[in-house]
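The values are calculated or read from the model by the stated rules, or taken from the named source; none is laboratory data. None of the values given here were measured: they were computed from a predicted structure. No Cβ is skipped: glycine too gets one built from the backbone with ideal geometry, and neighbour counts run over all protein chains shown. Side chains are part of the model used for accessible areas, which takes the heavy atoms of the whole protein and leaves out ligands, DNA and RNA. Shrake-Rupley method; radii C 1.70, N 1.55, O 1.52, S 1.80 Å.
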Amino acid sequence: MSRWSPEDSDEGRLPEGMQRVGYDADTQKYSYRDQDGSYWEGAPGARYGVLHRSGSSYQPMAIANEQNIHKADNAAWRYILPFFLLISVVLFALFRFLGSAAGPTPFVCPENSVRYPVKVGDSCWAIANSHGVKVADLMRLNYGMDCSLLKAGREICVPASE
């Protein structure tokens with residue numbers, strides 16, 4: 001014979017029309033609902049026993065409550081906004097300071113040479129010829145310069161003519 005009996009079911013132990021609807025593990029309380037939709041709770045740790053009314057039937061959130069939630073969200077943003085502004089100002093100042101300290105260095109040519117701004121249509125040979133120097137001397141003074149990639153506005157160093 002099994003140990004289960006009809007009195008172990010909710011129908012045998014709960015009042016007529018009462019139905020178990022949930023269990024809260026934090027409070028260890030069972031929740032019940034009766035015929036008219038009212039909610040009831042049992043004693044902590046007890047599956048059956050004395051029930052106490054815990055509230056009315058489920059009601060969806062009212063628009064007023066939803067507006068209160070939005071107001072609370074706005075208030076939270078108002079508290080955190082100054083923090084973001086402060087961080088933004090500090091970062092801006094930091095990048096501004098570091099950016100100005102590491103700015104471009106001025107273009108300086110060594111002794112016995114002059115700066116020459118490249119013009120449209122210039123070539124290494126034309127620049128060297130106009131200054132009376134050899135192309136090899138121009139290339140040695142501007143290490144890594146590619147004569148096929150000269151662009152107007154770029155500055156190069158040209159040896160002073162002798």
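Structure data summary
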item: Hits in the range 119-136 (condition: touching a strand residue (DSSP E or B) at 6+ places or on another chain (Cβ under 8 Å) and either closer than 10 Å to Cys157 by Cα or assigned to a helix (DSSP H, G or I) (or both)); result: Ile127, Ala128, His131
item: Hey, Ile87 touching a strand residue (DSSP E or B) at 6+ places or on another chain (Cβ under 8 Å) and either modelled with pLDDT of 90 or more or open to solvent by 60 Å² or more (accessible area, probe 1.4 Å) (or both) or not; result: no
item: Failed item, numbered, when Leu138 is tested on (1) in contact (Cβ under 8 Å) with a residue 12 or more places away in the chain; (2) under 46 Å from the mean Cα position of the chain (by Cα); result: (2)
item: Any chance Ala75 is out of contact with any helix residue (DSSP H, G or I) (no Cβ under 9 Å at 6 or more places or on another chain), more than 30 Å from Tyr32 (Cα to Cα), open to solvent by less than 70 Å² (accessible area, probe 1.4 Å) and modelled with pLDDT of 80 or more; result: yes
item: Subset tally (residues that are at pLDDT 90 or above and open to solvent by 80 Å² or more (accessible area, probe 1.4 Å)) for the range 95-134; result: 7
item: Flag if Cys109 is within 19 Å of Leu150 (Cα to Cα) and touching a strand residue (DSSP E or B) at 6+ places or on another chain (Cβ under 7 Å); result: yes
